[in-house]
Amino acid sequence: MMYGMEKAIQFPHDKYFKNIMADKRVAKEFFTTHLPANIRDIIDLNDLELTSNSFVDEKLKRTESDIVFSATFNKKEGYLFLLVEHQSSPDKLMPLRIMKYMLSLVEQHIKISEDGKSPVIYPLIFFNGDKPYPYSTDIFDLFADIDLAKDIFFKPIQIIDLNTISDEKLKEHLWSGVMQFIMKHIKAKDIKYRIEEILDHIKEIDSLDGESYLTSLFSYAFEVGTTKNPKKLMTTISNALSEKNRSKVMPTIAEYLRKEARKEALQQGMQQGMQQGEQEKIRIIISLLNKGVDTKIVSESTGLSVDKIEQLKEKEVMH
């Protein structure tokens with residue numbers, strides 16, 4: 001089909017509209033008529049091309065479909081996104097869906113473009129309901145506080161970059177400051193020295209009923225961070241805690257370390273077992289080859305490739 005849909009649309013209004021809009025003469029006249037003057041004046045409607053893009057959710061294809069035309073905006077790549085609405089009951093969330101579809105188109109282009117930029121996209125809705133469209137098409141009308149939404153939406157997103165915040169600045173704050181400090185330095189060669197830097201903060205949190213906070217903090221430090229002497233670090237932490245919290249926090253850390261030790265021992269045991277099993281397999285292969293068994297039969301019997309067996313032949317002295 002000329003408009004790029006994978007399956008024929010069963011709804012006659014939609015099928016008719018799509019087929020007719022595939023004619024460049026129709027598309028040019030349609031957009032000349034309906035585009036606002038400031039947009040129409042910067043688009044070369046002679047270069048309109050129907051694309052195969054479609055971003056409507058499968059669940060919504062019974063009530064809407066879309067047509068995407070490539071165009072040039074001020075001699076730069078762009079798109080006219082035309083959403084065809086053919087349901088009798090309009091949806092108040094239409095602006096939100098339009099935004100979702102446009103962002104899908106933006107994402108698609110950013111991924112494949114050489115400069116990581118997206119073309120401009122101008123959206124339109126074609127509505128053929130029983131009554132005039134009753135809802136706002138301004139996405140900001142979906143917000144309870146329109147003015148605040150306009151101050152936030154489509155503005156540069158704030159980023160809290162720990163690389164740019166000094167340790168001194170982080171230490172000015174107790175609860176969030178310690179959390180950020182530990183996360184900033186979790187990849188340090190030895191987390192012990194970083195924890196020692198904030199022992200005064202830890203003692204203050206300890207005095208303010210921060211048992212669960214400290215348990216999470218130290219579990220994170222031991223799980224993700226590294227230290228050359230975990231026992232010494234545990235002693236340092238233990239000395240910084242009150243007797244009440246020490247009895248609650250330290251067993252959790254100790255249990256975590258025991259689990260890690262058991263896990264490490266199990267992994268080492270498995271590796272040793274695998275190595276021993278591999279050595280035994282090699283011994284059997286060499287024995288079979290020495291007895292004159294065909295290489296292909298040895299391969300089928302042991303699961304080792306013929307190439308690997310040939311390499312073994314070169315390394316081992318056969319008697």
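Every number here is computed from the coordinates shown, using simple stated rules; none is lab data. All of these numbers come straight from a predicted model, not from anything done at the bench. Here Cβ is always computed from backbone atoms with ideal geometry, including for glycine, and neighbour counts include all displayed protein chains.
Here are some notes:
- Stretched out straight at 0.36 nm per residue, the stretch from residue 130 to residue 49 would grow longer than its current Cα-Cα span by 26.1 nm.
- Under a model in which nothing but the beta-carbon of Lys, Arg (+1) and Asp, Glu (-1) is charged, segment 162-241 shows a dipole of about 480 debye around its Cα centre.
- Each label point was placed 7 Å from the Cα along the Cα-to-Cβ direction; for residue 77 and residue 189 their separation is 4.8 nm.
- Summarising the overall dimensions of segment 90-174 from its C-alpha atoms, the Rg and Dmax are 19.6, 65 angstrom.
- Zone of residue 179's modelled label, taken as backbone nitrogen in segment 217-239 under 16 Å from a point 7 Å along Cα→Cβ: 217-221
- Per-peptide packing, taken as the mean over residues of other Cβ atoms within 10 Å, places 30-39, 206-215 in the sequence 206-215, 30-39 from highest down.
- Taking one quarter of the surface of the convex hull spanned by the alpha-carbon atoms of segment 162-241 gives a direction-averaged projected area of 4.8 nm².
- Added length on full extension, which subtracts the Cα-Cα distance from 0.36 nm per residue, residue 106 to residue 145: 11.3 nm
- Full extension of the chain segment joining residue 226 with residue 287 gains 17.3 nm, where the gain is 0.36 nm per residue of separation less the Cα-Cα distance.
- Remark: 110, 237, 42 ranked as 110, 42, 237, counting other beta-carbon atoms within 10 Å and listing the fewest first.
- Counting neighbouring Cβ atoms within 10 Å and putting the fewest first, the residues 40, 25 line up as 25, 40.
- Summed residue charge, Cβ within 14 Å of residue 171's Cβ, Lys/Arg positive, Asp/Glu negative: -3
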